[in-house]
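A.B. asks: Quick one: structure below, then a few questions.
The values are calculated or read from the model by the stated rules, or taken from the named source; none is laboratory data. This structure is a prediction, so every number in the text was calculated from the model and none was measured. Here Cβ is always computed from backbone atoms with ideal geometry, including for glycine, and neighbour counts include all displayed protein chains. Just the protein is used for accessible areas: all its heavy atoms, side chains included, with ligands, DNA and RNA removed. Shrake-Rupley method; radii C 1.70, N 1.55, O 1.52, S 1.80 Å.
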Amino acid sequence: MSYQRRYALVRPLPQSFSAALQQQPVPLDVKLAHDQHERYTAVLRQLVGQLIVVPADERYPDSCFIEDTAILVESVAVIARIGADSRRGESSAVSSVLQKLQQIEPALRLHRLTEPATLDGGDVLQMDGKIFVGLSKRTNAEAITQLKELFPDRVVALPVAAGLHLKSVLSALDDETLLVADDPAARSMAKHILQALPKAQALYLPDAVAANVVRIDNTVLIQDGFPQSESILLQAAAARKLKVEKLNMSELIKADGALTCCSLLLE
């Protein structure tokens, strides 16, 4: 896993964010959500070589969750076919931006998943050369078949037994450390990953949302407001000489969002 990122793609919150999809419908404070997303964007701007802002689109309330539109594996960008019908058009603008980026980064190659495949980027975890793909309500077996053709011997499929996406309950701190929500369903998901990565170990966190972090070079972004999990993450970061940036994303969490959801990172 490479942590040095040359580019990050983000997409601002539309005012229509109040209509974002939610597993458990609760009122959303769009103004606060916008402020939280702007803070996230400002932090990324300091950490990556170039921040690329994809224009907001009021037609797509969930479009700030740009991670679901594509997956990036080294120099290959795979344009996703998002699982929710109402979100499927979000990938178009991201694809256009990546095509323009090819003009200055000719090594970048684009590939598009085709029907009947459905895939959300939140169901994809890359760790130590492997590409773990969660079978979920949003990602199907056909997507995994197509990814296996693109990346032979690297794709590992596993069922999503908790959370909306695979990375709703786990993420990678580094190639040897898997962060996992401390509940039975998340632990069962983690077993598949740990079996494929014999050198890796799991770090269990009491708050599911805190198990999703973003690692950029020697900085790790974590969720603010979860003190028990924060204590564990701060110790892990200190042991690895990592800087920690805490971000409060409470309103985006209400829309089933997490830290990785709000950006696409390119090497």
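A.B. asks: So, in segment 161-190, exactly how many residues are among the aliphatic types (A, V, I, L, M), surrounded by 17 or more Cβ atoms within 10 Å (Cβ to Cβ) and in a helix (DSSP H, G or I)?
C.D. replies: Residues meeting the conditions: 4.
A.B. asks: Using the structure shown, decide if L125 is surrounded by fewer than 16 Cβ atoms within 10 Å (Cβ to Cβ), part of a strand (DSSP E or B) and in contact (Cβ under 8 Å) with a residue 12 or more places away in the chain.
C.D. replies: Details: surrounded by fewer than 16 Cβ atoms within 10 Å (Cβ to Cβ): no; part of a strand (DSSP E or B): yes; in contact (Cβ under 8 Å) with a residue 12 or more places away in the chain: yes.
The answer is no for L125.
A.B. asks: Of the conditions (1) crowded, with 16+ Cβ neighbours inside 10 Å; (2) not in a strand (DSSP E or B), K241 fails just one. Which one is it?
C.D. replies: It fails just one condition, (1).
A.B. asks: Then there is this: Determine the pairs where a residue that is acidic (D, E), located within segment 195-215, has a partner that is at pLDDT 95 or above with Cβ atoms under 7 Å apart, the partner being 6 or more residues away or on another chain.
C.D. replies: D207/F226; D207/Q228; D207/S229
A.B. asks: Further, regarding this structure: In segment 25-86, which strands (runs of 3 or more DSSP E) lie fully inside it and hold 2 or more residues that are in contact with a Lys or Arg (Cβ under 8 Å, 6 or more places away or on another chain)? Steps first, please.
C.D. replies: Details: elements: 50-53, 70-73, 76-79.
Output list reads 50-53, 76-79.
A.B. asks: Could you count how many residues in segment 192-236 are of a type outside the set (A, V, I, L, M) and more than 27 Å from K254 (Cα to Cα)?
C.D. replies: Residues that pass the stated criteria total 8.
A.B. asks: Residues being in contact with an Asp or Glu (Cβ under 9 Å, 6 or more places away or on another chain), assigned to a strand (DSSP E or B) and more than 18 Å from V43 (Cα to Cα): count how many of those fall in segment 203-238.
C.D. replies: Total meeting the criteria: 2.
A.B. asks: Right, another one. Could you please find all residues in segment 141-160 being surrounded by 17 or more Cβ atoms within 10 Å (Cβ to Cβ) and either modelled with pLDDT under 95 or under 22 Å from L21 (Cβ atoms) (or both)?
C.D. replies: A143, V160
A.B. asks: For segment 212-220, does any single residue satisfy the condition of being open to solvent by 50 Å² or more (accessible area, probe 1.4 Å) and more than 20 Å from D35 (Cα to Cα)?
C.D. replies: As a first pass, look at segment 212-220 and keep what is open to solvent by 50 Å² or more (accessible area, probe 1.4 Å): 217-218.
Narrowing the set further to residues that are more than 20 Å from D35 (Cα to Cα) leaves 217-218.
Yes; the residues of segment 212-220 include at least one that is open to solvent by 50 Å² or more (accessible area, probe 1.4 Å) and more than 20 Å from D35 (Cα to Cα).
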